[in-house]
Amino acid sequence: MTEIRRVRVPLADRSYEVLVGRGAAAELGTLLPGSARRAAVVTQETVPLHIAASIPHEVFHIGADEQHKTLETVGELCRGFARMGLTRNDVVIGVGGGLVTDVAGFAAASYHRGVPVVHVATTLLGMVDAAIGGKTGVNLPEGKNLVGAFWQPSGVVCDLDALDTLPDREMRCGYGEMAKYHFLTGDDLLALDMTSRIARCVEIKAEVVASDEREGGRRALLNYGHTLAHALETATEHRLAHGEAVAIGLIFAAHLANVLGRVGVERVDEHFAVVGEEYGLATDLPAGIEVARLLELMRRDKKALDGLTFVLDGPDGVEVVAGVDDQPVLDALARMA
């Protein structure tokens with residue numbers, strides 16, 4: 001087993017560790033709360049990594065598609081927790097990608113008004129984003145992640161062995177989320193090996209979460225590229241996966257920043273170089289998307305407190321920009337058609 005990197009998410013008495021490396025799942029027992037006597041393991045039939053819980057446990061499988069990221073799924077899980085007699089002193093273990101950790105985390109936050117949760121991320125997207133930071137939630141027909149809770153895990157495992165079995169599309173989804181970190185700091189992430197790159201992404205997110213746990217300000221920067229991404233996911237009925245949508249959203253955000261005079265063309269080119277060339281991700285809008293529908297969905301974004309609101313690059317770095325008029329947005333979208 002290679003060296004396990006340990007990254008701490010500093011949240012005072014709720015601080016926790018993220019273990020990153022090959023074989024890290026073997027260390028799961030070190031992250032479970034000492035009070036836990038039983039575990040409810042939430043996963044999917046398709047998840048390639050099987051964990052050995054060190055305490056008695058029951059496994060609950062949820063659907064593998066975004067259509068199962070619903071309040072109904074959370075309700076079914078909570079009923080299962082009740083039947084097994086799970087208490088707030090026990091633990092929920094989410095094993096899977098972002099869908100699993102979002103749903104398992106929300107179920108843990110809701111059942112008995114809060115049961116400890118530990119995540120074992122098995123996708124790249126889950127490792128660098130979804131499993132870290134305590135944001136949980138499910139979708140409504142009206143939009144993505146509109147119902148949820150902030151519920152910090154007791155620990156997170158990122159076992160890179162799971163990545164060996166992922167299909168190419170799942171890796172691309174992770175690359176889309178990973179790409180945003182290239183623009184949040186000046187780090188040369190491409191110079192790092194995969195373990196170090198994932199650990200650095202976790203460090204960046206941990207530092208932001210520690211400064212703004214409930215997304216009152218700075219944490220919104222982690223949604224770089226996500227405003228259009230979430231709209232695209234809903235508009236395509238999730239035929240476009242999250243990381244794929246984020247990749248397109250990053251390019252759109254660069255175009256919009258350029259239209260608004262915040263960045264020059266060379267910065268837009270940097271986005272293309274990372275997203276399209278280095279990670280090999282699509283950078284165009286999918287065919288047949290109605291622009292009016294995208295505008296409508298972007299207005300429902302959780303950040304939209306004062307008209308259309310985006311996280312955009314600029315002379316002072318990436319920041320939240322509110323009250324953006326429709327026309328610049330339409331101009332930026334037109335560049336991507």
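Just so you know, all these numbers are worked out from the coordinates, no wet-lab data involved. As the structure is a prediction and not an experimental result, all values here were calculated from the model. A quick note on method: Cβ atoms are made from the backbone with ideal geometry, for glycine too, and the neighbour counts reach across all protein chains shown.
Considering only C-alpha atoms, what is the centroid distance from the range 240-314 to the range 137-210, in Å?
Distance between centres, Cα-based: 18 Å.
Kindly provide the GluC sites (Glu not before Pro) of the range 240-337 that DSSP labels as loop, not H, G, I, E or B, and whose Cβ sees at most 13 other Cβ atoms within 10 Å.
Details: sites: Glu244, Glu266, Glu270, Glu277, Glu278, Glu290, Glu296, Glu319; in loops: Glu290.
Those satisfying the criteria are Glu290.
Give me the Å³ per residue figure for the convex hull around the C-alpha atoms of the range 132-244.
On the way: hull volume 13.5 nm³, N = 113.
Roughly 120 Å³ of hull volume per residue.
Rounded to two decimals, what ratio of Rg to Rh does the chain give with C-alpha atoms and a Kirkwood Rh? Before the final figure, lay out each step's value.
On the way: Rg = 19.3 Å, Rh = 20.1 Å.
Rg/Rh for the chain comes to 0.96.
Want the number for Leu146 to Thr283: 0.36 nm per residue separation, take away the alpha-carbon distance, what's left?
On the way: separation 137, 0.36 × 137 = 49.32 nm, distance 2.60 nm.
Additional length available on full extension: 46.7 nm.
Over the Cα atoms of the range 197-252, how large are the radius of gyration and the largest Cα-Cα distance (Dmax), in Å?
In order Rg, Dmax, the Cα atoms of the range 197-252 give 12.9, 34 Å.
What's the Cα-based Rg to Rh of the range 215-336, Rh via Kirkwood?
Numbers: Rg = 13.1 Å, Rh = 14.2 Å.
With Rh from the inverse mean 1/r over Cα pairs, Rg/Rh is 0.92.
Efficiency by 1/(1 + (r/R0)^6): what FRET value for Arg300 and Ala322, r their Cβ-Cβ distance, R0 = 22 Å, to the nearest 0.05?
Values: r = 15 Å, r/R0 = 0.67.
So the FRET efficiency works out to roughly 0.90.
Between Arg83 and His50, what is the spin-label point distance in nm, taking each point 7 Å from the Cα along the Cα→C-beta axis?
2.2 nm
Which of the trypsin sites (Lys or Arg not before Pro) found in the range 182-216 are loop residues per DSSP with 16 or fewer other Cβ atoms within 10 Å of their Cβ?
Details: sites: Arg197, Arg200, Lys205, Arg214; in loops: Arg214.
For trypsin sites (Lys or Arg not before Pro) across the range 182-216 that sit outside H, G, I, E and B with at most 16 neighbouring Cβ atoms in 10 Å, the list reads Arg214.
Using the Kirkwood radius over Cα pairs, work out the Stokes-Einstein diffusion coefficient for the range 5-166 at 10 °C and 1.306 mPa s, in µm²/s as a whole number. Don't jump to the answer; show the numbers that get you there.
Values: Rh = 15.3 Å.
The estimated diffusion coefficient comes to 104 µm²/s.
Extension gain Asp188-Arg267, at 0.36 nm per residue separation less the Cα-Cα distance, in nm? Mind dumping the intermediate values first?
Values: separation 79, 0.36 × 79 = 28.44 nm, distance 1.54 nm.
Net length gain for the segment: 26.9 nm.
Assign unit charges at the C-beta atoms only (+1 for Lys and Arg, -1 for Asp and Glu), then state the dipole size of the chain relative to its Cα centre in Debye, rounded to the nearest 20. Walk me through the numbers on the way to the answer.
Numbers: 32 positive and 47 negative charges, 252 e Å.
Approximately 1220 debye in magnitude.
Please give the charge dipole size of the range 153-259, origin at the Cα centre, charges +1 on K and R Cβ atoms and -1 on D and E Cβ atoms. Round to the nearest 20 debye.
Values: 10 positive and 17 negative charges, 76 e Å.
Roughly 360 debye, rounded to the nearest 20.
Relative contact order for the chain: what is it in percent, counting Cα pairs under 8 Å that are at least 6 residues apart? Spell out each step's value before the answer.
Details: 671 pairs, mean separation 49.0, N = 337.
Here the relative contact order equals 15 percent.
To test your reading of the geometry: what angle, between 0 and 90 degrees and rounded to tens, separates the Cα axis of helix 168-184 from the longest principal axis of the chain?
Rounded to the nearest ten degrees, it is 70.
So which trypsin sites (Lys or Arg not before Pro) in the range 9-88 pass both tests, a DSSP loop state and at most 10 other Cβ atoms within 10 Å of the Cβ? Let's see the in-between values first.
Working: sites: Arg14, Arg22, Arg37, Arg38, Lys69, Arg79, Arg83, Arg88; in loops: Arg22, Arg37, Arg38, Lys69, Arg88.
Here no loop site has a sparse enough neighbourhood.
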